[in-house]
Structures are given as C-alpha cells and as structure tokens.
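Asker: Before I ask anything, let me first share the structure, which is written out below as structure tokens.
The values are calculated or read from the model by the stated rules, or taken from the named source; none is laboratory data. All values reported here derive from a predicted model rather than from experimental measurement. Every residue, glycine as well, gets a Cβ built from its backbone with ideal geometry; the counts of neighbours run over all protein chains shown. Accessible surface areas use protein heavy atoms only, side chains included; no ligands, DNA or RNA. Shrake-Rupley method; radii C 1.70, N 1.55, O 1.52, S 1.80 Å.
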Amino acid sequence: MDGQDSIGRSPTRWTRSCRKYGVAIATIIAAFALQAAAVITGAQAAVPSMKPCPVSADRDWTPVERWAWEEICHGRVAALDRMPGTGKEPFLVLRPEFLRTILIDEVYRKQISQLGVRISHGRFRDPLLLDGIPVPGSLHLTDTRFEGRLSLNAARIEGDLILSRSYFGRGFDLSGVRVGNNLYLNTTQSTSIPGAEAADGPVPGALLWGAGIGGNVDLSGGSFSWPVRMDGIRIGSALILSDGDFASPLSVANAQVGGIQIVGGTFRGSLNMQNVRIGSTLRLTASAANEPATFTEINLSRAVIGTDAILEGARVTGALRLNGAEIGGFIRLGDEPQDDSTGSLALCSASLVGARVNGSIILGKVAFRQGCGPVEGIEPAPSHSATSQASRGSAPMAAAVRAGQNCGSVVEPREAGGLPASPASFDPALNLQDANAGALAQLDPQPSGTPADRPARLAAVWPDVVGLQGLTYQRIREGLSEVDAGWLVDWIARDPRFSPQPYEQLAQVLRAEGDLAKANAVLYAARECERRNTGSWFDRGWKWLIRMLIGYGYYVQNSLFAALGLLAVGTGVSLLGRTEGRRTVEQSLLYSFDMLLPFVQLQRGKDETLLLKGWARWYFYAHRIAGFILGSFLIAGLSGLARS
C-alpha cells in the first residue's frame, strides 16, 4: 500500500526526512568523487610516462648517453651521478657529438620538452663546440667537468643557461650568445687542468663578448684564473659578482646592464667597467660575514649610472677611477657611519675628474691609505692635525686671517678652459677636479663622539692632497655645513695648486645659503693667498695696504680702526705741536678730525696749520693726504671695487 512500509506501517517524519535529504547527500558525495577522480587523473597525466622515448637512442651512443637521452626525452634532469649501475662515480663521460645531435637533429629536437636539456655531473673530455646552435627551452650543464673548451658562440637559448658548479679546464667562449632568461655561472671553477691537451688551441679565457642576456648574469662564488671578458654584453637585469675569486682582469667595458652588485669577493686583477651603462644602482659592499671585497684597481671612467653608486665595505689597493662618469643619483664613498659597523672603504686613490653627479658626492666612513703613490714635484700638504682643527675658533675674521696663511705654493698657468694646468706629477689621493655635483656632504665617522671633536673627526677623513680645481656644486650638506670658515679654507688648501676658483665656488654656495660671514671669510683667505703668491714686491705692498685698510673689501670696518688711529695721533700732535695759544683736547680732536676728512672742511676762523711748529705742520699735511687715501679705499670697499 502506498504510504506504508513493508510491514504495513505508515512512514514516520524521521523516515521521510531521511529519504528527502539522503538524495541530496548522495549527490554531493558523487560530485566530490568525480572531482577527486579528475584531480588524480590530471596528476597522473602530469607525471612523465615511464614508457620508452618515442625516438630511440642512436645505436652509436654509449650506455651513459642512452640513459641520459631517456631522462631528457621525459623532461627529467639527467643526473648522471644517480644513473643505476654506475656505483659512486661522480662524473660520467659524455661525448660532444651526443649533445650536438640532440640539439641539431630535428628528430631529437622535437622530443625535447619545454624544460630543455638538463644534465648534471657529466664529463666532457673533448672540446664542446655548440656555436650558433638554437636550444629549445633551457640548457643546464651543472656540476659538470669541461676538460676541453666550451664554446656557445652566437648560440640561441630560449630559457636559462645554467653552468653552476661546473669546472672549465680550458675556459669557455660565450661570445654573442643570446639567452632569453638568466645566465648562471655561480660557484664555477675556471682553472688550468695539469697535463690537459692543448689541441683546441690557446686558452681563450672566459669570454662573454657581445652576449645578450634577458635576465641576470650571476658569477657569484666563482673562481676564475683566466681573464673574464664581458665587453659589450647586454644584461636585462643585474650583473652579480659577489664572493668570487678573480685572479686575472675582469672587463665589462661598453656593456649595458640593469644593475651591478658586488658583495665581497677578491679581484686580483683590474676591474674594468669603462663606458658601462647601468640602468639602476651600482653597489659594492662587504659580504654577509663583513668581509670586504678586495680590488687592485677599479675603472669606471665615462660610466653612466642611472641612480646611485654606493661604494662601501671594500679595499682598493690601486686607483678607483670615475673620470667623466655620469651618475643620476648620489655617490657615496664609504659606509654610513653606524656605531656598530666595523666595515669601511679603504682606498689608495679615487678620481672623479669631470664626473657629473645629479645628487650628492658623499664622503662616509672611508680611509685613504697614505703613501700609496708619491706626489713628485709638489710641496707637502700643510698639516691638518686633529689638535689644530679642534682648537680653531668660530669668529669669521680671525678664522680667515689664520686660514689665509695656509695656501698653495704657486699660482699655476691657465689652460684654454680657464682651469689651472695639472702637472703630470700631480696625483692627489682624492681628485674632484672639474667635477659637478648637486651637493657635497660628509658624514661624521663617529656620530657618538663629542660635538667639540667633530671638526677634527671630519678633517681626519680627508687625505692630505685633494684636487679641487674646477669643482662645482650647488649646496653643502651634513658635516660640511656645520664647520667654521677656517676649517673650510683649510679643506680648500689641501689642493697644493692655488687658484681663486675653489674659494669663489664655496663662497657662492655659502652666500646662497645665507651665511655671508663665512662667505666673506673664505674670499678674504683667497685674496690673502693670492697676495702671498705674488712675485712683485710692489704688488705685494699694494695688496698688503688693501688688506690692512679695508680687508680686501670684505672687512671695510678695518678703515674705521685706521681712522681712529690717525685721529688719536692727530689730536696729540695738535696739542704738542702749537707755536702759540693753548687748545683744549676737544678742540685738538676736532681739528684732527677736520684735517682727516678728505672732502669736507669744517668752518675755521683761520688756518690753524700755520700756528703749528714745523714738524707738526708737515705731519698734518701727511695727515690730510692719509685722509684722502683712506676715504678712497673706503669708497672702493663699499662699492665692491676692492674685491675684484
């Protein structure tokens, strides 16, 4: 009967609910089961088939090569150290013909997956020449020994080229290679194999001339005994040269890279980066273990750096050259001086002649090694001891007088560009000649030190000989903006070639920043140095007179002291040198003042000069002439004529 169970009872509410929801639950379970089956089926499809490769191995291939082909055909890494039945042999021999066949023969190329050819722990006894060969996907030859030369000249690789942890006994030639993604040469070894055959010709070194890499080029941790030449390389992202050991010169001249990062490492040969174009940042710093990178020489002449150049945590035993470089951001020589930092930049010499820096030239925690190269034919630079710097006062006039005694020894002849000539023997430890920067800045090497010793700490960082002729900048920042005029003039005097230009440049910046007292003190020191370097006794005497009377036009108040002195002397002469009558001190003072005024004559009853004795009368003739001279100098000082 409908509506009754098997024993004739009507279904309860619970029974009806079970029937109603049971269908829904069963539907959900079925849906989950179908989805799980699909996932399992997809996973099984993703696992490479264990069936034999559709294209069988060549009958002339060795067992190792046959096994490697099966792995490559199924998209796996041919890890030869895991090949069954080989024992513990770390490297198994592959012949160059095997690799060329699977890359060139279209029958085999079609079977290579998008992952490309991936082989590890192989050994190539003969030269591996793959010049001009197109490689589908990536080419991985990791942990491999190349006892002959490896050549991929002008090869085309769609993905990555990975040669990590490999050994190159006869060098490699990757000139003109095109790699779609990254090139990894990290932790490789490129050294000579004793007794290796030289049938493939002389060792070319490690060549990457004119290569084009879409991503990064990573040589970190590598050991290269041959010269590494990457001239003209094009790198889409970064060139990484961290923690490497380069026994011979490394050249990246005329290259275009996204950025350059050097963290630690040893460069026993020169590092040549002339004319390199860096899209972002050049960074040179110590390793994670705070071990500085060491260099014999770094050449960045005419380099173009898109943003910043940060040079810290390194030792350069030779020259650091950035002559003619263009830097879009700032350049910092030395670490930021943190109290807990132990690394710093140690330089023998740094040259930025003609460099253009849009940001600041910043001197951080840097040490210039004294005595790296003699500066022949130049007088020793003046002493810049910490004691003398710390003891300087802050009064601009006094500082200018003291600093004016610290000058270059000669006024050099001028070249066509208006800059002082540079003798061949001039070799400053820091050369900023003709450079242009948005600002000059110096960081306190010990921020936790006492403020009173700060000028001495700042002065100790600068080398004794600095090239400053032709240097231009718009601002001074950090420590340079906080020191007194005497410190700044002593800084300019570290260039032993005297020229007014560095003084005028600094004074222009100080005046623009509203510090007229410092600006005048600097210009006064320049005129004093010019007087001391004048050969003619007449010129020296004339400039000495200008200095004494109006302070070269920057301290016109000197004329007031001269006038007071003449007024006092004239008053005494008027009292003691009369022939008749008696005059009071007030009357004598008025008479001395009247005779001193060059263009004004006060009302007098008669010529008082005729009432003076002979010697006193002659004195007041000179007194009046001195008034004319003093007035003329005063007008020249007030009008600015004396400053020119």
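Asker: Could you grab me the full set of residues in the stretch 463-476 that are touching a Leu at 6+ places or on another chain (Cβ under 7 Å), closer than 17 Å to S360 by Cα and not β-branched (V, I, T)?
Answerer: So the first thing to find is which residues in the stretch 463-476 are touching a Leu at 6+ places or on another chain (Cβ under 7 Å), and the list is 463, 466-471, 473, 476.
Checking which are closer than 17 Å to S360 by Cα leaves us with 468, 470-471, 473, 476.
The answer is L468, G470, L471, Y473.
Asker: All but one of (1) of a type in the set (A, V, I, L, M); (2) open to solvent by less than 10 Å² (accessible area, probe 1.4 Å); (3) not in a strand (DSSP E or B) hold for I262, so report the exception by its number.
Answerer: All conditions are met except number (3).
Asker: Let me confirm something: among V179, V135, which residue is more than 35 Å from the chain's Cα centre (by Cα) and free of Cβ contacts under 8 Å to residues at least 40 places away in the same chain? Can you show your working first?
Answerer: Working: V179 fails: more than 35 Å from the chain's Cα centre (by Cα).
Testing whether each residue is more than 35 Å from the chain's Cα centre (by Cα) and free of Cβ contacts under 8 Å to residues at least 40 places away in the same chain leaves just V135.
Asker: If you don't mind, there's one more thing I want to ask. Against the condition within 22 Å of E312 (Cα to Cα) and basic (K, R), how does R497 come out, does it pass?
Answerer: On the way: within 22 Å of E312 (Cα to Cα): no; basic (K, R): yes.
It is false that R497 is within 22 Å of E312 (Cα to Cα) and basic (K, R).
Asker: When the residues of the stretch 69-81 are narrowed to those that are assigned to a loop (DSSP other than H, G, I, E, B) and closer than 17 Å to T142 by Cβ, which ends up least open to solvent (accessible area, probe 1.4 Å)?
Answerer: Pass one, the stretch 69-81, residues assigned to a loop (DSSP other than H, G, I, E, B): 74-77.
This time we only want the ones that are closer than 17 Å to T142 by Cβ, so: 75-77.
Values: G75: 15, R76: 65, V77: 67 Å².
Applying the filter and picking the extreme gives G75.
Asker: Next question. Say we look at the stretch 82-121 and pick out the residues that are more than 18 Å from A57 (Cα to Cα) and within 45 Å of the chain's Cα centre (by Cα); which of these is least open to solvent (accessible area, probe 1.4 Å)?
Answerer: Start the filter on the stretch 82-121 by keeping residues that are more than 18 Å from A57 (Cα to Cα), which leaves 82, 85-91, 114-115, 120-121.
From what is left, the residues that are within 45 Å of the chain's Cα centre (by Cα) are 90-91, 114-115, 120-121.
Values: P90: 63, F91: 60, Q114: 174, L115: 92, S120: 10, H121: 42 Å².
Among them, the one singled out is S120.
Asker: Of the residues S301, S341, S287, which is under 24 Å from P227 (Cα atoms), at pLDDT below 90 and in a loop (DSSP other than H, G, I, E, B)? Give the steps one after another, and end with the answer.
Answerer: Working: S301 fails: at pLDDT below 90; S341 fails: under 24 Å from P227 (Cα atoms).
Every option except S287 fails the conditions.
Asker: Also: So, R268, is that one under 20 Å from V177 (Cα atoms), open to solvent by 10 Å² or more (accessible area, probe 1.4 Å) and either among the basic types (K, R) or touching a strand residue (DSSP E or B) at 6+ places or on another chain (Cβ under 6 Å) (or both) or not? Full working, then the answer.
Answerer: Values: under 20 Å from V177 (Cα atoms): no; open to solvent by 10 Å² or more (accessible area, probe 1.4 Å): yes; either among the basic types (K, R) or touching a strand residue (DSSP E or B) at 6+ places or on another chain (Cβ under 6 Å) (or both): yes.
Criteria not met by R268.
Asker: Does the stretch 302-309 contain at least one residue that is in contact with a strand residue (DSSP E or B) (Cβ under 7 Å, 6 or more places away or on another chain), open to solvent by 40 Å² or more (accessible area, probe 1.4 Å), farther than 21 Å from I162 by Cβ and among the charged types (D, E, K, R)?
Answerer: No: zero hits.
Asker: Follow-up question, since we're still on this one. Quick one: which of G148, G137 is surrounded by 20 or more Cβ atoms within 10 Å (Cβ to Cβ), farther than 15 Å from W69 by Cα and at pLDDT below 95? Can you show your working first?
Answerer: On the way: G137 fails: surrounded by 20 or more Cβ atoms within 10 Å (Cβ to Cβ).
None of the other options fit; the residue is G148.
Asker: In this structure, does R66 turn out to be free of Cβ contacts under 8 Å to residues at least 60 places away in the same chain and surrounded by 15 or more Cβ atoms within 10 Å (Cβ to Cβ)? Can you show your working first?
Answerer: Details: free of Cβ contacts under 8 Å to residues at least 60 places away in the same chain: yes; surrounded by 15 or more Cβ atoms within 10 Å (Cβ to Cβ): yes.
Answer is yes for this residue.
Asker: Quick check on the stretch 567-587: of everything there that is open to solvent by 70 Å² or more (accessible area, probe 1.4 Å) and either touching a Pro at 6+ places or on another chain (Cβ under 6 Å) or of a type in the set (V, I, T) (or both), which residue is modelled with the lowest pLDDT?
Answerer: Among them, the one singled out is T579.
Asker: Has the stretch 160-179 got any residue that is open to solvent by 30 Å² or more (accessible area, probe 1.4 Å), outside any strand (DSSP E or B) and modelled with pLDDT under 95?
Answerer: Checked the stretch 160-179: at least one residue is open to solvent by 30 Å² or more (accessible area, probe 1.4 Å), outside any strand (DSSP E or B) and modelled with pLDDT under 95.
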